[in-house]
Amino acid sequence: MSARGKEESFVQVTIKNTIVELIQGDITKCEVDAIVNAANTSLLGGGGVDGAIHRAGGKAILEECLKIRNQKGGCAVGEAVVTTGGNLKCRYVIHTVGPVWNGGAKQEEEKLKSCYRSSLKLADSMNVESLAFPNISTGIYGYPKERACIAAIDEVTAYLVNSGTSIKRIIFVCFDEINYELYKQELKKTASNL
Ligand code: ADP
């Protein structure tokens, strides 16, 4: 990302062979190989980060989403599909669909972890070396932010430790201050337990 909002408290942790960074900002401005979109099952675009990505990325992204929708009916919760980055600085957008929070007994955590795992696997299959994640499900879908943060960091850490990934850099992009502070705490904990 060209302008870091939080330069003074920039957080960076190395997990096995991958640098994991935390920033507060707008994911559409990230200069990485791929960004992840918190999409919905229709792949037709929506509000929040999905709307911002489609607005900034232009119609090429929606056209590829429509093709995928015609071929496979959209994208299931916990799964991921890939399109061009269109006018964005990234080569690809990986669209994953987070769970709607429904009290916690509807496999929300496993579904959310699956979003991160599916996105990482897809990124590796496309030889992506740098990847940015938003805080999936923590906006309109109402997933409690602290739980979502712990699930995201646990799953990404497990993947980096166990998968033999060739991803060199992962950025967690927090749009709001609350998520930024939660991620800062959790990443520091993770670093001290490595
Ligand atoms: P969901 O439906 O998965 O909850 P949202 O887009 O509503 O998706 O929210 C997911 C997260 O993305 C929220 O934490 C929200 O603050 C954040 N967000 C919204 N716009 C952006 C953006 N431009 N860049 C990064 N994160 C964003």
* Answer with yes or no whether Gly5 is open to solvent by 20 Å² or more (accessible area, probe 1.4 Å), within 15 Å of the ligand (Cβ to nearest atom), at pLDDT below 95 and farther than 30 Å from Lys189 by Cβ. => no
* Asked: Across segment 124-152, what is the total count of residues that are within 11 Å of the chain's Cα centre (by Cα) and at negative phi?
  -> 7
* **Qualifying strands (runs of 3 or more DSSP E) (wholly inside segment 10-58; at least 1 residues being open to solvent by 40 Å² or more (accessible area, probe 1.4 Å))** => 11-15, 18-24
* For segment 36-71, which residues satisfy the criterion of being within 11 Å of the ligand (Cβ to nearest atom), at pLDDT 95 or above, closer than 20 Å to Lys111 by Cβ and in contact with a helix residue (DSSP H, G or I) (Cβ under 9 Å, 6 or more places away or on another chain)? -> Val36, Asn37, Ala38, Ala39, Asn40, Val49
* To do: Those residues that are open to solvent by 20 Å² or more (accessible area, probe 1.4 Å) and touching a residue at least 24 places away in the same chain (Cβ under 8 Å), I need them from segment 105-120; list them, please.
  => Glu109, Glu110, Lys111, Lys113, Ser114, Arg117, Ser118
* To do: Scan (1) open to solvent by 30 Å² or more (accessible area, probe 1.4 Å); (2) within 24 Å of Leu182 (Cα to Cα) for the single condition Leu66 breaks and write down its number.
  => (2)
* Could you tell me whether any residue of segment 128-137 is over 18 Å from Val82 (Cα atoms), in contact with a Ser or Thr (Cβ under 8 Å, 6 or more places away or on another chain) and surrounded by 15 or more Cβ atoms within 10 Å (Cβ to Cβ)? => no
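The values are calculated or read from the model by the stated rules, or taken from the named source; none is laboratory data. As the structure is a prediction and not an experimental result, all values here were calculated from the model. Methodologically, a virtual Cβ is constructed for each residue, glycine included, from the backbone with ideal geometry; neighbour enumeration extends over all protein chains shown. SASA here: full protein model, heavy atoms, side chains in, ligands and nucleic acids out. Shrake-Rupley method; radii C 1.70, N 1.55, O 1.52, S 1.80 Å.
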